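Trainee: Here it is: the structure, laid out below.
The values are calculated or read from the model by the stated rules, or taken from the named source; none is laboratory data. Since the structure is predicted, the reported quantities are computational estimates derived from the model, not experimental observations. Cβ coordinates were reconstructed from backbone atoms using ideal geometry, including for glycine residues, and neighbour counts include every protein chain displayed. Heads up: the accessible areas ignore ligands, DNA and RNA and are worked out on the full protein's heavy atoms, side chains in. Shrake-Rupley method; radii C 1.70, N 1.55, O 1.52, S 1.80 Å.
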Amino acid sequence: MIHALLELDFRLFELINGSWHHPWLGWLFPWWREKLTWVPFYLLLAGFSAVKFRLKALGFILALILSVGLADTVSSKFLKPAVHRLRPCN
C-alpha cells in the first residue's frame, strides 16, 4: 500500500513540475510566495476592516495574526522536520 502511495506521489510530482509547467508561471510563483509581496494586501485588508467594522476589527485582526502565526510555527517547526522532504522549489 505504501509503495503504491509513494508511486502516485512521484507521478503527481512529475506531472506538476514537468508536463504541467507553463513558462509564465515560472516567474510568477517565486514572486507569489515571497512574504513581502503580500504586505500591501494585508495592510489594505486591515485598513478596510478598521474603517468598516471599527472596534470589532481589532479582535478580528488580532485573531488573524494569532492564527497565521500559530499555523506558520506548527508547519515550519513540527511538520516540515517530521516529513523530511524538500519543497519542489529546492
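Trainee: Do any chymotrypsin sites (Phe, Trp or Tyr not before Pro) in the chain lie in a loop, going by DSSP, with at most 16 other beta-carbon atoms within 10 Å of their beta carbon, and if so which?
Mentor: 20
Trainee: Could you work out [θ]222 nm for the chain from helices alone, using -39500 (n - 2.57) per DSSP H run of at least four and dividing by all its residues? Round to the nearest 500 deg cm²/dmol.
Mentor: After summing the helix terms and dividing by residue count, I get -21500 deg cm²/dmol.
Trainee: Using the alpha-carbon atoms, what tilt in degrees (0 to 90, nearest 10) does helix 2-14 show relative to the longest principal axis of the chain?
Mentor: 70 degrees
Trainee: Mean projection of the alpha-carbon convex hull of the range 34-90 over all orientations, in nm²?
Mentor: With the hull built on Cα positions only, its mean projection is 4.8 nm².
Trainee: Determine the gain in length on full extension of the stretch residue 1-residue 15; use 0.36 nm per residue of separation and subtract their C-alpha separation, reporting nm with one decimal.
Mentor: 2.9 nm
Trainee: Would you mind getting me the FRET efficiency between residue 83 and residue 24? Use the beta-carbon distance for r and R0 = 41 Å, nearest 0.05.
Mentor: 0.85
Trainee: What does a probe at residue 42 reach in the range 55-89, counting residues whose amide N is under 13 Å from the point 7 Å along Cα→Cβ?
Mentor: Those under the cut-off are 61-73.
Trainee: For the chain, with every protein chain kept in place, what is the accessible area per residue (1.4 Å probe, Å²)?
Mentor: Per-residue accessible area for the chain comes out at 94 Å².
Trainee: Continuing with the same structure: How do 9, 72 rank by accessible surface area computed with a 1.4 Å probe, from largest to smallest?
Mentor: Largest accessible area first, the list is 72, 9.
Trainee: When only DSSP loop residues count, what GluC sites (Glu not before Pro) in the range 1-51 have their Cβ near at most 13 other Cβ atoms within 10 Å?
Mentor: 34
Trainee: Quick check on the range 1-58: take the gyration tensor over C-alpha atoms, sort the square-rooted eigenvalues as a ≥ b ≥ c, and tell me if it's rounded (a/c under 1.5), prolate or oblate.
Mentor: Taking the square roots of the gyration eigenvalues as a ≥ b ≥ c, the range 1-58 is oblate.
Trainee: Go through the range 8-90 and name the trypsin sites (Lys or Arg not before Pro) that are in a DSSP coil and have 12 or fewer other Cβ atoms within 10 Å of their Cβ.
Mentor: Of the trypsin sites (Lys or Arg not before Pro), the ones in loops of the range 8-90 whose Cβ has at most 12 other Cβ atoms within 10 Å are 33, 54, 85.
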